[in-house]
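Peer 1: This structure is in structure tokens; I'll ask about it shortly.
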Amino acid sequence: MSEERKKILDMLSEKKITAEEAEKLLSAIAKEEGNGAGTVKKEPKYLRVMVEPGPDSKNPDRVNIRVPLKLIRAGLKLAALIPKSAQSQVNDALHEKGIEMDFSQIKPEDLENIVTQLDDLTVDVEGKESVRIFCE
Amino acid sequence: MMPMLLRLKGINREGKRFTLWLPLFLIYMILLPLIIITLPFVLLAALIAWPFGYGSLVLQAYLAIFKILGCLSGFKIDIESGDGNFFIKFV
């Protein structure tokens, strides 16, 4: 029981306030607690990629991309449909590019976990260009 | 929800600009008969591929195309460069 609630009940037992007043005060506290609980972190809907010229950059190019996370999920599920026989070819192609990754080890549930964890992703790169990747 | 409009905006180096609101729902109406026409061929391809273990993959890939289309709403690309600006948004 919170301190405020206890005080109100004490005041009621001491007959300093009426039952109706106590009820009003208790409902006001409940409303306030409800508002506090309502400040839950919003689930992000988009992945944003922003590229802006840095202070020393001569290149004025700016890029602003907003990708719905639903689209990423759908795309990853499509990638999961790659037949097992083709996965070794994908692995070889990734290996040639210097990416050491076993594509056959990625399962649909892993992909779902990756997208879920994207919520907390924030990448800030400051160089000639400023690159920001985040979810909103 | 599937995107209903596609907004295209561009400005070239000379400052000439264009804005285009493309009603995607009209394109869907054109695509619908195409989807219906291709469906038997997809089912046939799935049946042929079924003994090799790829039948369900064919069907899932066909459905995934529509899923991706349905998830495009809100997708936005905005590029500003010295050669001009380009903006595309699915609404």
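Peer 1: Give me the distance in nm between label points sitting 7 Å out from Cα along the Cα-to-Cβ direction at B:Leu44 and A:Thr116, one decimal.
Peer 2: My value for the distance between the label points is 4.3 nm.
Peer 1: Among B:Val58, A:Val63, rank each residue by its count of other Cβ atoms within 10 Å, from fewest to most, as a rough exposure measure.
Peer 2: If I rank by nearby Cβ atoms, fewest first, I get A:Val63, B:Val58.
Peer 1: Also: Run through every distinct alpha carbon pair of segment A:57-136 and return the Kirkwood hydrodynamic radius in angstroms, one decimal place.
Peer 2: Here the Kirkwood hydrodynamic radius works out to 15.2 Å.
Peer 1: Give me the distance in nm between label points sitting 7 Å out from Cα along the Cα-to-Cβ direction at A:Ile29 and A:Asp102, one decimal.
Peer 2: Those two pseudo-labels are separated by 5.8 nm.
Peer 1: Right, another one. For the protein assembly as shown, max minus min Cα coordinate along each principal axis, in Å, sorted largest first?
Peer 2: Cα spread of the protein assembly as shown along its principal axes, largest to smallest: 83, 57, 45 Å.
Peer 1: Using only atoms on other chains, find how many Cβ atoms lie within 10 Å of each Cβ of peptide B:80-88 and report the average.
Peer 2: 2
Peer 1: Kindly write out, for segment B:61-76 in residue order, the coupling ³J(HN,Hα) from the Karplus curve 6.51 cos²θ - 1.76 cosθ + 1.60 (θ = phi - 60°), rounded to whole Hz, with x marking Gly and Pro.
Peer 2: So the Karplus estimates, Gly and Pro as x, are 5, 4, 5, 5, 4, 6, 4, 4, 4, x, 8, 6, 4, x, 5, 9 Hz.
Peer 1: In degrees, nearest 10, range 0 to 90: what is the angle between the Cα axis of helix B:24-49 and the longest Cα principal axis of chain B?
Peer 2: That helix lies at roughly 30 degrees to the long axis.
Peer 1: Using only Cα atoms and rounding to the nearest 10 degrees, what angle (0 to 90) does helix A:84-96 make with the longest principal axis of chain A?
Peer 2: Computed tilt is about 80 degrees.
Peer 1: For segment A:4-14, in order, what is each residue's ³J(HN,Hα) by Karplus, 6.51 cos²θ - 1.76 cosθ + 1.60 with θ = phi - 60°, in whole Hz (x at glycine and Pro)?
Peer 2: The phi angles translate into 5, 4, 4, 4, 5, 5, 4, 4, 5, 5, 7 Hz.
Peer 1: Here is a further query. Using Cα pairs closer than 8 Å and at least 6 residues apart in sequence, work out the relative contact order for segment B:5-90, in percent.
Peer 2: Dividing the mean separation by the residue count of segment B:5-90 yields 37 percent.
Values in this text are rule-based calculations from the coordinates and carry no lab data. Predicted, not measured: the structure shown is a model, and the values here were computed from it. Quick reminder, even Gly has a Cβ in these numbers, built from the backbone with ideal geometry, and neighbours come from all protein chains shown.
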